[in-house]
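Input: a single structure, listed below in structure tokens.
Please treat every number below as a calculation from the coordinates, not as lab data. Computed from a predicted structure; not experimentally measured. Glycine gets a Cβ as well: all are built from the backbone with ideal geometry, and neighbour counts include every protein chain shown.
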Amino acid sequence: MLRIIKALAVDLLLLDARIDGLSGEIEELEKRDAGCERLTSIPGIGPIISSAIVAALGTGDAFAKEAAASQRVGNRARQHRPC
């Protein structure tokens, strides 16, 4: 049992190091992209979220309306019904 726990602890340390390395790469990419930099100026949005948004939407030029961009990332317009 102790051997298994030690092996899992080593795995955890290796994953932590890998995550740190990838996070650093994402931060470097974010610094080179103007869209990512604009998004990170919004409180609560960091390099990972901004790079994901830019990856999904690009510059936004492909969308005629805001609703189309919103739908692209999975948001749906609500229909308000009277109670």
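Summary of values
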{"quantity": "Residues of the range 17-64 satisfying the condition of being farther than 21 Å from Asn75 by Cα and among the acidic types (Asp, Glu)", "calculated": "Asp20, Glu25, Glu27, Glu28, Glu30, Asp33, Glu37"}
{"quantity": "Number of positions in the range 47-75 that are assigned to a helix (DSSP H, G or I), of a type outside the set (Gly, Ala, Ser), closer than 15 Å to Gly35 by Cβ and without any contact (Cβ under 8 Å) to a residue 12 or more places away in the chain", "calculated": "1"}
{"quantity": "Criterion (within 12 Å of the chain's Cα centre (by Cα), surrounded by fewer than 14 Cβ atoms within 10 Å (Cβ to Cβ) and either closer than 22 Å to Ile19 by Cα or among the aliphatic types (A, V, I, L, M) (or both)) met by exactly one of Ala62, Ala55, Ala34", "calculated": "Ala55"}
